[in-house]
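Everything below concerns the one structure shown next.
Read-outs throughout are calculated quantities, based only on the coordinates presented, and are distinct from any laboratory measurement. Computed from a prediction, not measured in an experiment: that's the story for all the values here. As a convention, Cβ positions derive from the backbone with ideal geometry for all residues, glycine included, and neighbour counts pool all protein chains shown.
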Amino acid sequence: MTNTARPSPIAWLIAPAGLLFVLFFVMPFAVMTAMSFYSGNPVTNPNAFLTTRHYERFILDTAGIFHEALWSTLRIGLVTTIVSLLIGYPLAHWMARMQSRLGHALVLMAVIAPMLTGIVVRTFAWMTILQDKGVINTTLIQWGLIEKPLPLMYNEFGTIVALVHIYVPFMVLTLTGVIGRIDERLEQAARSLGAGRLRAFVEVTLPLSLPGILAGSLLVFALSISAYVTPSLMGGTNVLTLPMLIAQQVGTSFNPNFAGALGVILLLVSLAIVVAYNRILARLSGEQGMA
Amino acid sequence: MISRRKALRAGAGFAALATVGAPSILHAQTKTLKITTWGGKWGEVMKATVLPAFEKEFKCTVSADQAFPFLPKLQVSPKNEPIYDVLHANSNEQWNAVVEGLVMDKITAKEVPNIADVYPYAVSDKIVGVTIFTSAIGLGYRTDKGLTKPTSWKDLADPKLAGARGGYLIPVNSLGQAHLMMLGKVYGKGLTDLDAAYKALEALKPIKLVDFTGQMEKMLLSAEVSMGVIHDSGVYRYEGANMQPVDFASPSEGVLALEQVLNVTPGSKVKELAFAYIDYMLRPDVQKQLAEAVWYSPANKKVKLDAKYDAKLLTTPEKVATLIQPDWKWYNARREDIDARVTKILKG
């Protein structure tokens with residue numbers, strides 16, 4: 001006789017996390033979804049009625065800004081993720097293979113240090129560097145290399161630079177853990193069998209680190225597409241993302257119902273991308289359902 | 001028979017109970033007024049002196065929320081038990097609130113006696129609630145860039161200012177919205193001439209846009225822009241601080257009013273106290289203290305400011321006459337279309 005039907009007492013330890021998840025994600029999301037199908041707040045307004053008009057407003061997009069905002073959000077998320085991966089992977093690989101404990105600790109501190117400062121502060125720091133009267137443009141103009149300031153800010157470029165700086169540590173920390181667990185002898189075996197450094201990396205280390213790439217990319221992508229402060233401050237008028245539109249709807253247009261619909265749409269589109277990404281990477285690595 | 005020791009012990013126990021119970025009894029008797037108010041220097045003065053004096057005089061406690069935006073919080077609270085008793089907001093938000101039945105549509109001198117002493121703009125048909133202060137929206141400019149002091153709103157369109165002029169993200173900032181209406185007046189038939197306004201807005205590109213006034217102040221101070229739309233208090237407050245080369249200009253077509261409006265929620269359980277608070281905020285001494293702290297023009301005609309403030313703020317009927325009050329009810333009704341249109345114009 002087995003007692004597999006009975007949950008282990010240890011399983012109860014996840015109860016607080018489960019409760020938090022239900023209280024602070026499932027319930028608010030359910031309320032937000034319900035609100036997105038109402039004309040107003042049904043709790044305070046007895047005349048509020050069920051409607052799909054908020055979704056129609058987005059889908060029909062007669063204003064001509066919502067689809068562009070969604071595409072802009074996803075584009076910023078994808079580019080930030082790719083650049084963070086390209087910067088983060090070599091750094092994570094170097095850290096994971098570092099023999100010196102002191103060296104590892106110092107690099108780890110260097111990676112974590114920026115996270116000790118708030119996102120707003122870091123974004124303002126980027127503003128002082130990239131704006132028209134910022135450090136870079138002022139220096140280049142003083143040296144006579146340019147006459148007019150380079151467009152480093154108030155666009156997607158500046159937004160992505162600041163986002164990459166903010167989210168690279170998340171990529172590095174995720175990748176370091178995974179790469180550090182890959183048995184170095186596998187790479188050495190490949191090389192002893194005649195593979196060059198590059199081939200050993202591409203055919204052994206890289207596929208084995210795919211779970212880390214997947215986890216790090218998803219983390220950075222999720223954080224980038226939901227970023228609000230950085231695109232608002234760095235993007236000027238040339239960047240309009242869905243989180244900015246949602247904040248507008250709640251904070252200044254006072255239309256939480258449409259904001260709810262935008263939130264649901266952003267989540268559904270992101271989920272579709274995450275599922276597709278997961279499947280592609282799973283196929284590439286020959287495994288199934290890595291995440 | 002009760003011994004002395006027993007009597008003392010019983011007495012001590014009773015005293016202890018009374019001590020523990022007293023605060024809750026006191027609390028039950030003390031009314032709490034829930035208000036919204038700004039942060040920064042305004043919030044400092046309110047918390048340090050203005051609110052404690054009100055609490056002492058009216059034997060109440062004031063719970064002040066400084067975490068903007070306030071209206072979404074009021075929207076989700078029950079109407080018969082609102083999260084605030086007094087909503088302090090700019091005029092456009094008060095109009096949003098009144099449409100949803102979240103604030104009262106009219107307050108008169110019957111409820112707030114000091115209303116009898118305010119300038120007409122403070123309770124005009126463009127206002128719901130009572131204006132306690134106003135700022136003038138005009139043009140802020142750098143005095144070290146060889147610019148002549150602007151005299152017209154059209155000066156912002158000077159080709160020399162391409163890329164060095166500043167405005168606001170219109171969907172999120174009421175100064176930007178008011179400026180858009182002013183463009184309709186200056187270049188077209190009036191504040192509601194949106195076609196003329198859109199055309200004039202297009203001509204202002206390239207323009208640096210920000211979403212709140214504090215950012216515009218920083219852009220002016222750092223010379224990121226040489227001229228920008230801003231309220232007078234956003235420039236005057238730096239007077240004397242490291243001799244900043246910035247100044248404020250009132251265009252000849254008139255300045256736009258940025259009113260600080262107080263209103264009472266219909267479901268408030270302490271309405272009398274709420275009206276008393278508005279009346280208190282309109283008292284000349286309170287008005288003077290706050291006006292000089294943050295460079296706001298007082299709504300009460302009887303306020304006598306120190307010469308330095310009196311020279312620059314709107315303290316006479318003649319100066320007040322230059323104020324233009326936008327019709328926020330009209331604007332808010334068209335807001336979705338305007339937001340979409342200006343976003344498209346200013347993007348790219």
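Any idea how far the Cα center of the range B:81-95 sits from the one of the range B:145-212, in Å?
A separation of 28 Å, based on Cα centres.
For the peptides B:306-316, A:127-137, A:79-89, what is the packing order when you average, over each peptide's residues, the other Cβ atoms within 10 Å and list the highest mean first?
Going by the mean number of other Cβ atoms within 10 Å, highest first, we get A:79-89, A:127-137, B:306-316.
Could you tell me the relative contact order of chain A? Use alpha-carbon pairs under 8 Å, at least six residues apart, and round to a whole percent.
25
Return the sequence-ordered ³J(HN,Hα) values of the range B:300-308 in whole Hz as given by the Karplus equation 6.51 cos²θ - 1.76 cosθ + 1.60 applied to θ = phi - 60°, using x for Gly and Pro.
So the Karplus estimates, Gly and Pro as x, are 7, 5, 7, 6, 10, 8, 4, 3, 4 Hz.
Which value, in debye to the nearest 20, describes the size of the charge dipole of the range A:65-285 about its Cα centre when Lys and Arg Cβ atoms bear +1, Asp and Glu Cβ atoms bear -1, and nothing else is charged?
Value, rounded to 20: 500 debye.
Rounded to the nearest 500, what is chain A's calculated 222 nm mean residue ellipticity when only DSSP H runs of at least 4 contribute -39500 (n - 2.57) each, over all residues?
-21000 deg cm²/dmol
Please turn the phi angles of the range B:207-218 into ³J(HN,Hα) values with the Karplus equation 6.51 cos²θ - 1.76 cosθ + 1.60 (θ = phi - 60°), one per residue in order, whole Hz, x for glycine and proline.
9, 8, 10, 10, 9, 9, 5, x, 5, 5, 4, 5
When a/c is below 1.5 the answer is rounded, else prolate if a/b is larger than b/c, else oblate, so apply that to chain A with a ≥ b ≥ c taken from the square roots of the Cα gyration tensor eigenvalues.
Verdict is oblate for chain A.
So who's got an amide H within less than 5 Å of the one on B:Asp65, skipping anything under 5 residues away but keeping other chains? H placed 1.01 Å off N, in plane.
Correct list: B:Ile35, B:Thr36, B:Thr37.
Over the whole of B:69-75, what's the average partner chain Cβ count within 10 Å per residue? Rounded to a whole number, please.
Other-chain Cβ atoms within 10 Å of each residue's Cβ, averaged: 4.
Ignoring solvent entirely, what values of log10 I(q)/I(0) come out of the Debye formula for the range A:1-154 at 0.12, 0.14, 0.19 Å⁻¹ when each Cα is a single scatterer?
The computed values of log10 I(q)/I(0) come out as -1.07, -1.15, -1.21.
Quick one: grab the alpha carbon gyration tensor of chain B, order the square roots of its eigenvalues as a ≥ b ≥ c, and give me rounded if a/c is under 1.5, else prolate or oblate depending on whether a/b is larger than b/c.
Here chain B falls in the prolate category.
Can you tell which of A:Leu281, A:Gly260, A:Ser232 lies farthest toward the positive end of the dipole of the range A:65-285, using +1 and -1 charges on the Cβ of basic and acidic side chains (Lys, Arg; Asp, Glu)?
A:Leu281
Tell me which residues come under 5 Å, amide H to amide H, from B:Val103 once H is placed; ignore anything under 5 positions away on its chain.
Here B:Val98 satisfy the definition.
Of B:Thr192, B:Thr151, B:Thr30, which has the largest mean-square fluctuation in a 10 Å C-alpha GNM of chain B?
Comparing B:Thr192, B:Thr151, B:Thr30 in a Gaussian network model of chain B, the most mobile one is B:Thr30.
Specify which residue in the list B:Val261, B:Tyr331, B:Ala291 is farthest towards the positive end of the charge dipole of the range B:236-348, using unit charges on the beta carbon of Lys, Arg (+1) and Asp, Glu (-1), about the Cα centre.
Value computed over the given set: B:Tyr331.
Please identify, among A:Leu266, A:Leu23, A:Leu240, the residue showing maximal mean-square fluctuation in a Gaussian network model of chain A using a 10 angstrom Cα cutoff.
Of the options given, A:Leu23 has the highest mean-square fluctuation.
Taking amide H positions as placed 1.01 Å from N in the peptide plane, with prolines and chain starts having none, which residues 5 or more places from B:Val246, or on another chain, fall under 5 Å of its amide H?
B:Thr143
Given +1 on the Cβ of Lys and Arg, -1 on the Cβ of Asp and Glu, and no further charges, what dipole in debye does the range B:230-348 carry about its Cα centre, rounded to the nearest 20?
280
Please give the contour-minus-distance gain from A:Tyr228 to A:Val275: 0.36 nm per residue of separation, less the Cα-Cα distance, rounded to one decimal in nm.
Here the answer is 14.5 nm.
Run the reach check for B:Lys31 against aspartates and glutamates, Cα to Cα strictly under 15 Å, same-chain hits fewer than 8 apart removed. What comes back?
Within the straight-line cut-off, B:Lys31 pairs with B:Glu55, B:Glu57, B:Glu81, B:Asp85, B:Glu272.
Could you work out the equivalent-ellipsoid semi-axes for the protein assembly as shown, taking the square root of 5 times each eigenvalue of the Cα gyration tensor, largest first, in whole Å?
Values for the protein assembly as shown, descending: 49, 38, 26 Å.
Residue by residue through the range A:14-21, which ³J(HN,Hα) values in whole Hz follow from phi under the Karplus form 6.51 cos²θ - 1.76 cosθ + 1.60 (θ = phi - 60°), with glycine and proline marked x?
Using θ = phi - 60°, the values come out as 7, 4, x, 5, x, 5, 4, 4 Hz.
Just want the answer: with Cβ charges of +1 for Lys and Arg and -1 for Asp and Glu, which residue in B:Val76, B:Gly163, B:Val112 is farthest toward the dipole's positive end in the range B:72-180?
Farthest along the dipole direction, towards plus: B:Gly163.
Let a ≥ b ≥ c be the square roots of the eigenvalues of the Cα gyration tensor of the range B:119-219; is it rounded (a/c under 1.5), or, if not, prolate (a/b larger than b/c) or oblate?
Taking the square roots of the gyration eigenvalues as a ≥ b ≥ c, the range B:119-219 is prolate.
Charges only on Cβ, +1 for Lys and Arg, -1 for Asp and Glu: so what's the dipole of the protein assembly as shown about the Cα centre, in debye to the nearest 20?
Once rounded to the nearest 20, the dipole reads 1460 debye.
Output the DSSP H helices from chain A with an along-axis C-alpha extent of no less than 20 Å and a mean Kyte-Doolittle hydropathy no less than -1.0.
Sorted by number, the helices that extend far enough and score high enough are A:66-96, A:156-180, A:210-225, A:256-285.
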